[in-house]
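Down below is the structure, laid out as structure tokens.
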Amino acid sequence: MKTLIIHPKDSSTSFLNSIYSSIVEKKVITGGITKKELIKEIENHDRIMMMGHGSPMGLFNMGLFIDSGVYVIDNSLVSILSEKNNSVYIWCNSDKFVNSHKLKGFYSGMFISEVGEAVFCGLPSVKQNIVDESNYGFSKILSEVINEDQETIYEHVLNHYGEIAKHNPVASYNHTRLYLSK
């Protein structure tokens, strides 16, 4: 299966890199291409993984994709993404994007990945080590099954990340916001 990873380069989301490190047939795009070129890449791949910072409107461009405006993944790509049944959407509030467009795949809701986000989400006493444990634990767990089918991915992440969630408030928050749409 040919996998396209769209992960705008950003040091604050580099912990996500390990998720796709074991994928053999992959292309990672971190920026530097136009929307038209991105569409061609999406068309030519079986699975699309999108990750980084975002909002209900899409995955933030981070100023790295030519002519893409604020979002690199947005409403303009819904028709092509709707043709993909095993995508991965990991950004804050990607659930709103996925659900509103009836897309398919594994995805997250609000996902705390920084101390400031923890404070914003009602976890004011969280320190960096707690966020790091959640971030790196999630990425490691997802990477263990990233080459499996969507249901296996979802169940594995729920079960194993759920173990971290038992003692980590950030993981607990994130754990309740992981979804699968088939």
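Every number in this text was worked out from the coordinates using simple rules, so none of it is lab data. All values derive from a computational prediction rather than experimental measurement. Note: ideal-geometry Cβ built from the backbone for every residue, glycine included; neighbour counts use all protein chains shown.
General remarks:
- Take the Kirkwood radius over Cα pairs of segment 3-181, plug it into Stokes-Einstein at 37 °C and 0.692 mPa s, and you get 203 µm²/s for translational diffusion.
- Per-residue 3J(HN,Hα) values for segment 118-134, derived from phi via the Karplus relation 6.51 cos²θ - 1.76 cosθ + 1.60 with θ = phi - 60°, read 4, 4, 4, 8, x, 10, x, 9, 6, 9, 4, 5, 6, 4, 4, 4, 5 Hz in sequence order (x marks Gly and Pro).
- Charge sum, other residues only, whose C-beta stays under 15 Å from LYS102's C-beta, Lys/Arg counted +1 and Asp/Glu -1: +2
- For SER55, the amide hydrogen comes within under 5 Å of the amide hydrogens of PHE60, counting only partners 5 or more places away or on other chains and with H modelled in the peptide plane.
- Net charge contributed by nearby residues that have their C-beta within less than 13 Å of LYS36 (K/R +1, D/E -1): -2
- Near MET57, once Lys and Arg are set to +1 and Asp and Glu to -1 for all other residues with Cβ below 9 Å from its Cβ, the sum equals 0.
- Share, in percent, of DSSP beta bridges within the chain that are antiparallel, nearest 5: 35
- The residue list PHE111, LEU59, VAL170 was ranked by how far each Cα lies along the charge dipole of the chain toward its positive end, using unit charges on Cβ atoms, and LEU59 comes out on top.
- Each of CYS92, CYS121 was scored by other Cβ atoms within 10 Å of its Cβ. Arranged with the fewest first, they read CYS121, CYS92.
- 10 Å Cβ shell holding at most 15 others, DSSP loop, GluC sites (Glu not before Pro): longest site-free stretch of the chain: 84-147
- Fully extended contour minus Cα-Cα distance, from LYS27 to LYS2, at 0.36 nm per residue: 8.2 nm
- Considering all C-alpha pairs of segment 7-57, those separated by over 12 Å amount to 69%.
- Amide H contacts of ILE73 (H built 1.01 Å from N, in plane; Pro and chain starts excluded): LEU59 sit under 5 Å, all sequence-distant by 5 or more or on other chains.
- J(HN,Hα) series, segment 79-86, from Karplus relation 6.51 cos²θ - 1.76 cosθ + 1.60, nearest Hz, glycine and proline x: 4, 6, 5, 5, 7, 9, 9, 9
- Cβ crowding within 10 Å ranks HIS156, HIS7, HIS175 as HIS156, HIS175, HIS7, fewest other Cβ atoms first.
- Close amide H contacts of LYS26 (hydrogens built in the peptide plane, cut-off under 5 Å, sequence separation of 5 or more or a different chain): THR3.
- Phi angles of segment 163-180 translate, via the Karplus equation with coefficients 6.51, -1.76, 1.60 and θ = phi - 60°, into HN-Hα couplings of 5, 5, 4, 5, 10, 10, x, 5, 4, 4, 4, 5, 4, 7, 10, 10, 9, 9 Hz per residue; Gly and Pro are given as x.
- Contact order normalised by residue count of the chain, Cα under 8 Å, 6+ apart, percent: 21
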